[in-house]
Structure formats: structure tokens, C-alpha cells
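No value in this document is a laboratory result; all are computed from the given coordinates. Please read these numbers as outputs of a predicted model, since none were measured by experiment. Methodologically, a virtual Cβ is constructed for each residue, glycine included, from the backbone with ideal geometry; neighbour enumeration extends over all protein chains shown.
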Amino acid sequence: MLAADMGVDLEWVPVSSANRIPYLTAGKVDLVISSMGIKPERAEVIDFSNAYAPFFWAVYGPTDLDAASVENAAAYKVGATLGTLEETAYTEAAGEDATNIQRYDDQATTVQAFLTGQVDLIVTGNAIAAGIIADHPEMNVETKFVLQQSPCHVGVRRGEDGLLTWVNAFIYQHTLNGDLDKLSTKWFGEPLPDFPAW
């Protein structure tokens with residue numbers, strides 16, 4: 001959608017989380033559109049657009065479980081992927097109640113543990129949860145509570161002020177016409193929230 005509006009051919013460049021900012025600063029890519037959250041150390045190196053999609057880590061589970069807080073979740077087995085940001089955030093929030101966490105080596109195993117009932121709740125990002133909710137409606141999975149918000153922004157190389165303005169205008173226009181809300185609902189299972197201006 002962005003490339004079409006810009007009138008250019010899209011070229012996808014696969015990057016890892018670790019090399020996406022170096023690729024941008026070195027000119028190997030023009031934009032980074034990869035669940036890029038704003039962090040102070042990143043903002044020292046690159047510029048960011050306004051937010052265009054919701055991304056957050058949360059605890060999810062069936063509607064019939066009373067787990068609306070980390071204290072309530074302590075009564076249940078909680079699945080999380082070892083070493084992820086969401087696992088760290090939940091462990092820190094749970095404090096002494098962190099003994100109920102079942103940690104798995106990868107996301108697929110964590111999801112499978114949740115789907116098969118080995119754990120009652122799952123700690124994950126909203127994109128993974130949206131897939132679970134869509135693929136397993138019989139489980140009646142809902143967001144129990146959000147651990148951390150980290151909306152998606154487009155990373156832009158420093159000094160590319162014209163491009164940054166254009167990207168922000170694109171986000172603004174597609175927010176007003178409802179396109180980003182439709183995409184957010186489709187891919188994240190959540191309507192587009194009102195983000196603070198950046």
C-alpha cells in the first residue's frame with residue numbers, strides 16, 4: 001500500500017531484528033517497517049514515523065478464567081517463550097508469583113502448550129494471539145491484561161526529513177480513511193487505537 005501510494009516498485013529486503021537499523025543507516029534500505037518500536041537508544045540513531053499499528057505483549061486465556069491481573073494469573077499455569085521480551089516483562093511483573101511460569105524454548109512450543117491445555121494462560125504478542133483467536137474460536141481466548149505497549153513505527157534514516165513527512169502523511173491519510181484500522185483488525189485482532197502523536 002505504501003509503495004503503491006508512493007508510485008514506486010516495492011523491494012523487500014529481509015533483515016533480522018539485530019541488523020535492521022544498521023541496514024537503514026548504511027543505506028541498504030530506505031525504510032524499516034518491521035514492528036519497530038521506539039526506544040530512546042534507537043531514537044539517537046534514526047527517526048521514527050507516527051505509530052501505524054498496535055503491538056503489545058499481554059496475557060491471554062479463555063474468557064472463563066479470572067486472570068485480569070498478574071496477581072490473579074498467579075493461580076494458573078502460565079506459558080511463555082524463554083528469553084523473549086514478553087517473558088521478561090511477565091517475570092518482572094509477577095515478582096515472587098513467577099513460580100507458575102512454564103517456559104518453552106520457542107514460540108511454536110509455547111503456543112502448542114497453550115492449545116493442548118498444558119498451560120492455562122499464554123504470554124505473547126498480540127500478533128501471535130490474533131492467530132490463536134482466529135484459528136481456535138472454540139477456545140474463547142481473550143486479552144486478560146496488557147504487559148507493555150510497543151506500537152509499530154516506520155524507521156527512517158536521519159536527514160530524510162522529506163521522506164519522514166511523506167510517511168507520516170501516508171499514515172495520517174490511511175488512518176482517516178479507515179485502511180489502517182481494517183488492517184489492524186485483520187492482522188492483530190484489535191482495532192487501531194488512538195496513538196499519541198510522536
Loop only per DSSP, at most 13 neighbouring Cβ atoms within 10 Å: give me the GluC sites (Glu not before Pro) in the stretch 31-96, ordered by residue number. Glu44
Potential extension, Met139-Ala169 segment - 0.36 nm per residue separation minus Cα distance: 6.8 nm
Take the Cβ-Cβ distance between Trp12 and Glu96 as r, set R0 to 45 Å, and report the resulting FRET efficiency rounded to the nearest 0.05. 0.50
Sort all Cα-Cα distances of the stretch 117-198 into consecutive 5 angstrom bins from zero, then give the percent of pairs in each bin up to the one containing the longest distance. 3, 11, 19, 21, 15, 13, 8, 5, 3, 1, 0
Furthest towards positive pole of dipole, Ser69, Ala4, Thr110, structure part the chain, Cβ charges: Ala4
Taking amide hydrogens as modeled 1.01 Å from N in the peptide plane, which residues meet the under 5 Å criterion relative to Thr124, leaving out close sequence neighbours? Ala58, Tyr60
For Lys186, list the aspartates and glutamates whose Cα falls under 18 Å from its own Cα; do not include residues on the same chain fewer than 8 positions away. Asp135, Glu142, Asp194
Counting only helical runs of four or more DSSP H residues, what would the 222 nm mean residue ellipticity of the chain come to if each run contributes -39,500 (n - 2.57) and the total is spread over all its residues? -10000 deg cm²/dmol
Listed by chain and number, the lysines with an alpha carbon less than 25 angstrom from that of Lys28, same-chain partners under 8 positions apart left out, are Lys39
Here P(r) for the stretch 1-115, Cα-Cα distances in 10 Å bins, as whole percents, is 11, 31, 27, 22, 9, 1
If unit charges are put on Cβ atoms (+1 for Lys and Arg, -1 for Asp and Glu) and the dipole of the chain is taken about its Cα centre, the option from Thr165, Asn140, Leu183 lying farthest towards the positive end turns out to be Thr165
Compactness index (Cα Rg / 2.2 N^0.38 Å), the chain: 1.12
Measuring from the longest principal axis of the C-alpha atoms of the chain, the long axis of helix 85-94 (C-alpha) lies at a number of degrees, nearest 10, equal to 40
Over the alpha carbons of the stretch 68-165, what is the largest minus smallest coordinate on each principal axis, giving the biggest first in Å? 52, 33, 26
